[in-house]
Amino acid sequence: MTTSQDSSPAVSRRVVVAAVGGVGLTAALTACGGTDAADTPVGRPTDSPDGGGAGTELAKVTDIPEGGGKVVGDVVITQPRAGEFKAFSSKCTHQGCLVKDVTDNLIHCPCHDSRFDAGDGSVRSGPATAPLPPASITVEGGLIKLA
């Protein structure tokens, strides 16, 4: 036989394009879908960047500006009012991204633009619907430490 006969069915370009589009849509929906992390328990942050636990120094009080804050490992430390220091989990309750910064008494998550109150961790704007869990800290001798 001089001509080859292929008995497998040919796949049209339309089928390939539709399949690739379906995969892309699935990836996009997976990235933006899901549930709030409020459905998942979030424990009290106990780790610092150096792997320490309670008593580990996180920052100096002079490192935390009034109305601002600083992200240190699993914890975001804020100073909502002069001399008042608060700490929360640095994991956004929407999808677990790490919050990035604290300005104007708002903790900002860069992934989907959720914003949290620097004084109590409550949601100021979503998509997050659950507050940031508080973390226990102590302030003594000009140092902020995990409690």
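Numbers for the structure displayed
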| read-out | value |
| --- | --- |
| Local net charge near Thr78, Cβ-Cβ under 12 Å (Lys/Arg +1, Asp/Glu -1) | -4 |
| Peptides 111-117, 121-127, 91-97, 74-80 ordered by average Cβ neighbours within 10 Å, highest first | 74-80, 91-97, 111-117, 121-127 |
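Computed from the coordinates by the stated procedures, all read-outs in this text should not be read as laboratory data. It should be emphasised that the depicted structure is a prediction, and the values quoted were computed from it without experimental measurement. For neighbour counting, all protein chains shown are included, and Cβ atoms are generated from backbone atoms with ideal geometry for every residue, glycine included.
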